[in-house]
Amino acid sequence: MSFIPTLDIANLIKLFALAITLLYIYHLYYQTKHWPPGPRGLPILGNIFQVPRFSWYTFTNWKVQYGSIISLNIVGQPMIILNTHKVASELLNRRSQIYSDRPRFIMAGEILSGGLNIILLSPTDRWRRMRRAGHEGFKARASEKYRPIQELEATRLVTNLINDPENWSNHFNRSAASSILCSVYGRDPIERKDDYIVEKINTMMDRLVHAAFPGAYLVEIFPRMKHLPLWMAKWKREGQEHFTKDTNMFERFLSDVGERMLTGNCKPCFASSLLDNQSKAKLTNEEASWLAGAIFGAGSETTSSVLHVFLLAMTLYPDVMRTAQTEIDGVVGPDRLPNFGDFDQLPYIQAMVKEVLRWRPVIPLGFPRCAAENDFYEGYHIPRGAIVVPNVWAMNRDPDLYPDYDEFRPGRFLNDSGGINQVFSDLAPLGHVTFGFGKRICSGLNLANQSLFINFACMLWALNIEQAIDNEGKRIVPSRTACIDRGIVAKPAPFVCNITIRSNNAIATVVEQMKADKKA
Ligand code: HEM
């Protein structure tokens, strides 16, 4: 009897499959040998099962074990995690010609957005033209023209919090959406968070985030599927239908602004300056429409999530709240709400904006980049096509820059004479890296900073925020860490707190201010 299997056709196929698998594993091993260090994964599947939800915590723990740059293999797709300012600054700022690309999102970027969404675009000529137009609209000087809108929205937010404090989360969502919608499309403030336009754009953003999620669509793993005929690919058919509808919607929003401009009935807004400068900016109608729509999507949920973080910080750090209120009371007094004229005299509130963004970054893993070429960093190979993820959470908690990193302490951004430290550190000039890096740093950071400043100042002028008390008279301390991960944006898990008015005079002043705003 022979123990050597006979080489019939079935055994030949098995042998062939085994050889291919071994070759593939060897190829992967050879390829990954010079990658940055990282946890050992499974053959073929790599580290896919080691990347949990809220993965910024895991990546930050791995920093201790593997260092400032880590590599993972996600079913053959290399992923590089940047854990320190030094490595992020070197790659994303200094080598921006290699690292300004985004990973390819076929469903989200190419089918649902038709290659028109600035956030998902590769650094092509189209991205450059859109980016320039976005910069013109929201650079520091240009953002100042949105200050009246932001002051008005801050008063509205305070009014809503006085009238219905328990619904603070909805008020934050409405307020952020309204403020950015007015800035982008010059619309009147929206009354409800489920406003028609807000809902439409948010639904589109949710669809994009869902589509970009790893594993949501097979076409991301097998890109050739993109070319399947429509009758064979329901997902593609539906994606294209959404794209057509969204494009029509954005074009309608823009043409509506154009019509209001003709009748002299349009407030200055981003869309109106886009239309004024469209030919200079060399944007087609489709491009201009998508740029305005994407900007609303990029700015609304992010800003609202930061307001949630602010409330959590105030609930956990009453001393910080009182220090801020003392500053505001000294500068503003009891008879009017704070406004942007107070900006320079409120350095503690400016520092608070930085600290809220640092303490709980609402995009803890930034927005992914992609290596456009093979590259080497400190002897490690970063392969072309690798997804590059800046671990913003870890950087904002760098113990060398922020020794007590888990504490909410705005004072870290003040100098000895109590003024704001304009450049906190060469590695994190803004004091944090929550707005991203290099050529793709957030286009709306000036608008966002302004909005946070005026909202914090007005809320703290009018309101006290305290821990709620339960039925047994005990304080309800919200979790410092529990959060909701919405795909890219993360915000604190729901919590209760007590929001009360600081004085009756404040109510009267807010009511008067609202009346004046309505008249205007
Ligand atoms: C506090 C609120 C905000 C945060 C935390 C935030 C954060 C970010 C981050 C992390 C990125 C990716 C940067 C990178 O790749 O390095 C980004 C991109 C972007 N943000 Fe913001 N953002 C906020 C508000 C806004 C606002 C209000 C606007 C619009 C007025 C805006 C418009 C954009 C745009 C257009 C991009 C894409 C830039 C590109 O890919 O070239 N963001 N933002």
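Compute the whole-percent fraction of alpha carbon pairs in the range 307-411 spaced more than 19 Å apart.
The share of Cα pairs beyond 19 Å in the range 307-411 comes to 59 percent.
Which value, in Å² and to the nearest 10, is the accessible area of residue 34 when all protein chains are kept and the probe is 1.4 Å?
Accessible area of residue 34: about 100 Å².
Where the convex hull is taken over the Cα atoms of the range 213-275, what is its projected area averaged over directions, in nm²?
6.3 nm²
Taking H as built 1.01 Å from N, whose amide H comes closer than 5 Å to the amide H of residue 467, not counting residues under 5 places away?
Counting only residues 5 or more places away or on other chains, the set is 498.
In a solvent-free Debye calculation with one equal scatterer on each Cα, what is log10 I(q)/I(0) for the range 34-519 at q = 0.10, 0.12 Å⁻¹, listed in the order of the q values?
Taken in order of the listed q values, log10 I(q)/I(0) reads -0.80, -1.15.
Short version: ³J(HN,Hα) in whole Hz for each residue of the range 271-283, in order, from phi by Karplus 6.51 cos²θ - 1.76 cosθ + 1.60 (θ = phi - 60°), x for Gly and Pro, what are they?
Here the 3J(HN,Hα) series is 5, 5, 6, 4, 5, 4, 10, 4, 6, 5, 6, 6, 9 Hz.
In deg cm²/dmol, rounded to 500, what helix-only [θ] at 222 nm does the chain give when every DSSP H run of at least 4 residues adds -39500 (n - 2.57) and the total is split over its residues?
Result for the chain: -15500 deg cm²/dmol, rounded to the nearest 500.
Where only protein heavy atoms count, and the probe is 1.4 Å, what is the accessible area per residue for the chain in Å²?
Computed with neighbouring chains in place, this is 48 Å² per residue.
Between 0 and 90 degrees, rounded to the nearest ten: what's the tilt of helix 318-332 against the longest Cα principal axis of the chain?
50 degrees
Using heavy-atom solvent-accessible surface (probe 1.4 Å) with all chains present, what is the largest-first order of 246, 319, 164?
In descending accessible area the options line up as 319, 164, 246.
Taking amide hydrogens as modeled 1.01 Å from N in the peptide plane, which residues meet the under 5 Å criterion relative to residue 490, leaving out close sequence neighbours?
The list, which skips near neighbours in sequence, is 363.
Could you check the spin-label model distance between residue 227 and residue 417? Points 7 Å from the Cα along Cα→Cβ, value in nm.
6.7 nm
Taking H as built 1.01 Å from N, whose amide H comes closer than 5 Å to the amide H of residue 380, not counting residues under 5 places away?
For residue 380, no residues qualify.
Determine ³J(HN,Hα), in whole Hz, for all residues of the range 359-372 in sequence, where each value follows from phi through the Karplus function 6.51 cos²θ - 1.76 cosθ + 1.60 and θ = phi - 60°; x replaces Gly and Pro.
So the J values, rounded to whole Hz, are 4, 10, x, 6, 10, x, 10, x, 10, x, 10, 9, 6, 7.
With θ taken as phi - 60° and the coefficients 6.51, -1.76 and 1.60, list the Karplus ³J(HN,Hα) couplings across the range 86-103 in order, rounded to whole Hz; mark glycine and proline as x.
With coefficients 6.51, -1.76 and 1.60, one gets 4, 6, 5, 5, 5, 7, 7, 8, 6, 9, 5, 5, 9, 10, 9, 7, 9, x Hz.
Exposed loop GluC sites (Glu not before Pro) only (DSSP loop, at most 12 other Cβ atoms within 10 Å): please give the longest stretch of the chain free of them, not including the sites.
It works out to 1-190.
Using a 1.4 Å probe on the protein chains only, how many percent of the accessible area of the range 460-515 belongs to carbon and sulfur?
Solvent-exposed carbon and sulfur of the range 460-515 make up 51 percent of the total.
What distance in nm separates the two pseudo spin-label positions at residue 514 and residue 372, each 7 Å out from Cα along the beta-carbon direction?
Simple spin-label model gives 5.1 nm for this pair.
Using alpha carbons only, how many degrees (0 to 90, rounded to 10) separate the axis of helix 285-316 from the longest principal axis of the chain?
So the helix axis and the longest Cα principal axis differ by about 70 degrees.
Please sort by residue number the trypsin sites (Lys or Arg not before Pro) in the range 160-232 whose DSSP state is loop and whose Cβ has at most 15 other Cβ atoms within 10 Å.
Qualifying residues, ordered by number: 192.
Using only the Cα atoms, work out Rg/Rh for the range 112-205, with Rh taken as the Kirkwood radius, to two decimals.
Looking at the range 112-205, the ratio lands at 1.05.
Keeping every protein chain in place, order 185, 405 by accessible area at 1.4 Å, biggest value first, i.e. largest first.
In descending accessible area the options line up as 405, 185.
For the full complex of protein chains and a 1.4 angstrom probe, list 326, 434 by accessible area with the highest value first.
Listed by decreasing accessible area, they come as 326, 434.
Cα axis of helix 147-163 to longest principal axis of the chain: angle in degrees, 0 to 90, nearest 10?
80 degrees
The values are calculated or read from the model by the stated rules, or taken from the named source; none is laboratory data. Just so we're clear, the structure is a prediction, and the values are computed from it rather than from any experiment. Cβ coordinates were reconstructed from backbone atoms using ideal geometry, including for glycine residues, and neighbour counts include every protein chain displayed. Just so you know, the surface numbers come from the protein's heavy atoms only, side chains and all, with ligands and any DNA or RNA stripped out. Shrake-Rupley method; radii C 1.70, N 1.55, O 1.52, S 1.80 Å.
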